[in-house]
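The next block holds one structure in the form of structure tokens; read it before the comments.
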Amino acid sequence: MKIQDALRRAQELGLDLVEVAPTAEPPVCRIVDFGKFKYEQAKQDKDKKSSPSSRMKEIKFRVNIDQHDYETKLRHAEEFLDKGHKVRVLLQYRGREMAHQELGMRLMAKIKQDLVNMAIVEQEPKLQGRSVLMTLAPLPKAKRHRHFFSEHELQHKDGDDVEGDDVDTDVDADGDEDEDADEAPQAAKPADPAPAPRPREVKAGTR
């Protein structure tokens, strides 16, 4: 359609002629509501910027990392994955550690295994210079199962599991524990009978 015909058609419909693919050969135009078109474009750009899949988080490891730091870093990795972010795992060799690259690869395999319930490997561990890189992508939300929690999260999690059956002692009005609260009351013990009076002795011949 010629440009003049397209403009005339847009005017008849009360719409606008908008160029949507200026780099195409020939350029592509559409007859649309220009205001609505700009709104949809802005919304698409915003969704792309805020999309979790477009964000990459990076966590660094060392070959000789201790257990506490290792678990802390995995906890952060699980938090990122649980929010839908990808995670780039970076392991850096120092000095003579390059002579024992198998230790780094072994650590990468352990990381991959420990996060198997949260992520899939998008890029297998690969040596680049003095570093090893691995990229993890989150599993579908319904399949994610975290294993590493902070002390605060564990306390909160344990607090939600406490049931009333864990407390089984009764307390009376005076604040003392009443261990016999469930026992039936005992009958009062009858009093001992009073002793019978002794008979008087009467001597013969006396008045």
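Using a Förster distance of 25 Å, how high is the FRET efficiency between LEU13 and GLN44, based on the Cβ-Cβ distance and rounded to 0.05?
For R0 = 25 Å, the calculated efficiency reads 0.55.
Hey, got a sec? Which chymotrypsin sites (Phe, Trp or Tyr not before Pro) in segment 66-117 land in a DSSP loop and have at most 13 other Cβ atoms within 10 Å? Mind dumping the intermediate values first?
Details: sites: TYR70, PHE80, TYR93; in loops: TYR93.
Passing both the DSSP loop test and the Cβ count: no residue.
Under the definition of Cα pairs under 8 Å and six or more residues apart, what whole-number percent is the relative contact order of segment 3-50?
Answer for segment 3-50 is 26 percent.
If you count, for each residue, the other Cβ atoms within 10 Å and average over each peptide, how do 123-135, 19-31 line up from highest to lowest?
123-135, 19-31
How much length is gained on full extension from LYS141 to VAL121, taking 0.36 nm per residue of separation minus their Cα-Cα distance?
Details: separation 20, 0.36 × 20 = 7.20 nm, distance 1.60 nm.
Here the segment from LYS141 to VAL121 would lengthen by 5.6 nm.
How charged is the neighbourhood of GLY14? Take every other residue with its Cβ under 14 Å from the Cβ of GLY14, and add Lys/Arg as +1 and Asp/Glu as -1.
Values: positive: ARG8, ARG9, LYS36; negative: GLU12, ASP16, ASP33.
Net charge around GLY14: 0.
Within the set LYS43/LYS112; LYS2/LYS36; LYS73/LYS143; LYS46/LYS83; LYS83/LYS112, which residue pairs have Cα atoms separated by over 29 Å?
LYS43/LYS112
With viscosity set to 1.002 mPa s at 20 °C, what whole-number translational diffusion coefficient in µm²/s follows for segment 1-94 from Stokes-Einstein and a Kirkwood radius over Cα pairs? If you can, show how the numbers build up before the last one.
Working: Rh = 17.8 Å.
Translational diffusion coefficient: 120 µm²/s.
Classify segment 52-152 as rounded, prolate or oblate, taking a ≥ b ≥ c as the square roots of the eigenvalues of its Cα gyration tensor: rounded when a/c is under 1.5, otherwise prolate if a/b is larger than b/c and oblate if not.
Working: a/c = 2.17, a/b = 1.54, b/c = 1.41.
Prolate shape, in that a/c is at least 1.5 and a/b is the bigger ratio.
How would ARG96, ARG88, ARG8 line up from fewest to most surrounding beta-carbon atoms within 10 angstrom?
ARG96, ARG8, ARG88
All of the numbers you see were taken from the coordinates with simple rules; none came from a lab. Keep in mind the model is a prediction, meaning the values are calculated, not measured. We place every Cβ from the backbone using ideal geometry, glycine too, and count neighbours over all the protein chains shown.
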